[in-house]
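Everything below concerns the one structure shown next.
A short reminder: the numbers here are calculations on the coordinates, not readings from a lab. Note that this is a predicted model, so its numbers are computed, not measured. Please note: Cβ atoms are built from the backbone with ideal geometry, for glycine as well, and neighbour counts cover all protein chains shown.
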Amino acid sequence: MKNTKPHWIAIGLLSALLIAGAFKVIVLGNTEPAEDGRTALILEPAERQAVLGEMRMLLEASQTIVEALANDDLAAVEAAATPLGSAAIATVDFSLRAKLPLEFKKLGFGTHYAFDDIAKMAKEKQPAKQIQLKLADTMNNCIACHALYQLPEKKI
């Protein structure tokens, strides 16, 4: 009978490497500790600009929604929230997603799903105060994300 023990050792080592690699990609992303205690997301310049651009769109939509709610314009609320809902997640490049830590993705996905909720609430003509409270709760994701992460410019 052949000795298959070395094969099982090799398979075990390869499996461990794959699991460790998957853990790094899925959970940790491409990060390093930042000097201010947050986690720095290490991205290529174009990836960094994509993330910052998405954050600006979320902020601009939030301001539009606040103004629309003040003017009792639920159609404008729906129009501002809809493009930033879950459909926006599909526009994020997969190579960029692999560099983002799991908690960052959870906050981001949660924010996009909340914009779906805001659009739905406006479409259903729910009270402006309820929509405002949903937006206020959603902005806690923004606060948490900015408290946990930074996007330093890549050192050349």
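Put in order of Cβ neighbour count within 10 Å, fewest first, the listed residues Lys129, Lys99, Lys120 become Lys129, Lys120, Lys99.
Set the bar at 29 Å for Cα to Cα. Now go through Lys106/Lys134; Lys105/Lys154; Lys134/Lys154; Lys120/Lys154 and name every pair that lies beyond it.
On the way: Lys106/Lys134 17 Å; Lys105/Lys154 21 Å; Lys134/Lys154 35 Å; Lys120/Lys154 39 Å.
Table pairs above 29 Å Cα-Cα are Lys134/Lys154; Lys120/Lys154.
Exposure proxy ranking for Leu59, Leu96, Leu84, based on other Cβ atoms within 10 angstrom of each Cβ and starting from the fewest, stands as Leu59, Leu96, Leu84.
For Lys123, the aspartates and glutamates whose Cα comes closer than 13 Å to its Cα, not counting residues fewer than 8 places off in the same chain, are Asp72, Asp73, Glu78.
List the relative contact order of segment 81-136 as a percent without decimals, with contacts defined as Cα pairs under 8 Å and 6+ residues apart.
Details: 33 pairs, mean separation 25.2, N = 56.
Taking the mean separation of contacting Cα pairs over the length of segment 81-136, I get 45 percent.
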